[in-house]
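Chemist: Right, I'll just put the structure down here and ask away after.
The values are calculated or read from the model by the stated rules, or taken from the named source; none is laboratory data. Keep in mind that this is a model prediction, so the values were computed, not measured. Reconstructed Cβ throughout: ideal geometry from the backbone, glycine too, with neighbour counts over all protein chains shown.
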Amino acid sequence: MRLAFFLALTVAATFAAPNTNLFLEDTTQDDYIISGVTANYIQAYLICKRNGFIMAMERTEEETKIIEEKIKNLNNTGHAHYLGGVNEITELGKQWLWIDSNQSITYDHWSDTDEKKLDCLLKSSLDDDDHGNGKWTSNNCAEEKYFICQKAVTSTQIL
Ligand SMILES: *[C@@H]1O[C@H](CO)[C@@H](O)[C@H](O)[C@H]1NC(C)=O
Ligand SMILES: *[C@@H]1O[C@H](CO)[C@@H](O)[C@H](O)[C@H]1NC(C)=O
């Protein structure tokens, strides 16, 4: 179903060295899990999926608070992170959607300076004053970044 999106990606397969921790913490602990490796968007998506997670959604101020608390607790404030947002080709033209639920992205946490022209949603570093400290920017999906997964939620939470 997400073929159109994936076909648009340049997949440069550069898998992490053996014994690398894919995540910064025990994955049974929390709803949101931060990667310990960088990956391009398709790799990030697959790593979340194969470990039983989806790409994280940030849909409310409450979710922003939870995600940012997590980034701070894991001392990852110096890094930007991919979330589950993609600028996807649909029947209605390109639209920003949460990749796992296909919900359109209505919560606005975009950086004032971003034109939303690229295809993958990157949450800027909390230390990045130029992009609103954790506000979203659109990024080239082929770039390798840290990323955030979340526990697969029930269909009612998704809808
Ligand atoms: C984060 O940094 C603080 C202060 O240096 C340290 O006490 C804490 O253990 C660190 N947390 C992790 C998860 O590394
Ligand atoms: C996903 O959502 C978009 C936008 O609402 C819609 O055009 C598309 O048909 C949906 N795709 C699926 C598989 O539901």
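Chemist: Identify all residues within the range 75-108 that are assigned to a loop (DSSP other than H, G, I, E, B), of a type in the set (Asp, Glu) and surrounded by 14 or more Cβ atoms within 10 Å (Cβ to Cβ); write none if there are none.
Modeler: The answer is 100, and nothing else.
Conditions (1) part of a loop (DSSP other than H, G, I, E, B); (2) of a type in the set (Lys, Arg); (3) modelled with pLDDT under 95; (4) farther than 17 Å from residue 70 by Cβ, marked per residue:
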| position | (1), (2), (3), (4) |
| --- | --- |
| 113 | yes, no, yes, yes |
| 116 | yes, yes, no, yes |
| 122 | no, no, no, no |
| 127 | yes, no, no, no |
| 143 | yes, no, no, yes |
| 150 | no, no, no, no |
| 156 | no, no, yes, yes |
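Chemist: Go through the range 36-61 residue by residue and tally those that are within 12 Å of the chain's Cα centre (by Cα) and either surrounded by 24 or more Cβ atoms within 10 Å (Cβ to Cβ) or among the acidic types (Asp, Glu) (or both).
Modeler: Residues in the range 36-61 being within 12 Å of the chain's Cα centre (by Cα) and either surrounded by 24 or more Cβ atoms within 10 Å (Cβ to Cβ) or among the acidic types (Asp, Glu) (or both): 8 in total.
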